[in-house]
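The values are calculated or read from the model by the stated rules, or taken from the named source; none is laboratory data. The shown structure was predicted, so the numbers you read here are calculated from the model rather than taken from an experiment. In this analysis, Cβ positions are derived from the backbone assuming ideal geometry, glycine residues included, and neighbour counts consider all displayed protein chains. The protein model used for the area step is the full one, side chains on, heavy atoms only, and it has no ligands, DNA or RNA in it. Shrake-Rupley method; radii C 1.70, N 1.55, O 1.52, S 1.80 Å.
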Amino acid sequence: MQFTYFPKGVCSTKIDLEIEDGVVRHVHFTGGCDGNLKAVSALIEGMKVEDVQKRLSGIHCGLKSTSCADQLARGLAQALKEA
């Protein structure tokens, strides 16, 4: 399943996700800290969606109440609801 999530409150403006059988197959961020988000994507590809959510939910960026990683976790949750 392919899903696009539009994060709120962070520098990235779009997260494209590919999920297959409950596993994250591909993630692409538009905007944000390019190197860090490429690293996050590389680290979570091949992981179960639930494991990614547990690790990334609630992470803050500076004084923001969220982060690109937290928004990714929220996007994964929304993708599962709409599946």
Failed criterion for SER65 (all others in (1) in contact (Cβ under 8 Å) with a residue 24 or more places away in the chain; (2) in contact with a strand residue (DSSP E or B) (Cβ under 8 Å, 6 or more places away or on another chain); (3) hydroxyl-bearing (Ser, Thr, Tyr) hold): (2)
Filter result (farther than 20 Å from MET1 by Cβ and touching a Ser or Thr at 6+ places or on another chain (Cβ under 7 Å)) within the stretch 38-83: ILE59, HIS60, CYS61, CYS68, ASP70
Residue list for the stretch 17-43, filter: without any contact (Cβ under 8 Å) to a residue 24 or more places away in the chain and surrounded by 15 or more Cβ atoms within 10 Å (Cβ to Cβ): GLU18, SER41
Counted residues, the stretch 22-40 - those being charged (D, E, K, R) and within 14 Å of VAL52 (Cα to Cα): 1
The stretch 68-83, subset open to solvent by 10 Å² or more (accessible area, probe 1.4 Å) and not charged (D, E, K, R), residue modelled with the lowest pLDDT: ALA83
Flag for GLY46 being loosely packed, with under 14 Cβ neighbours inside 10 Å and touching a helix residue (DSSP H, G or I) at 6+ places or on another chain (Cβ under 6 Å): no
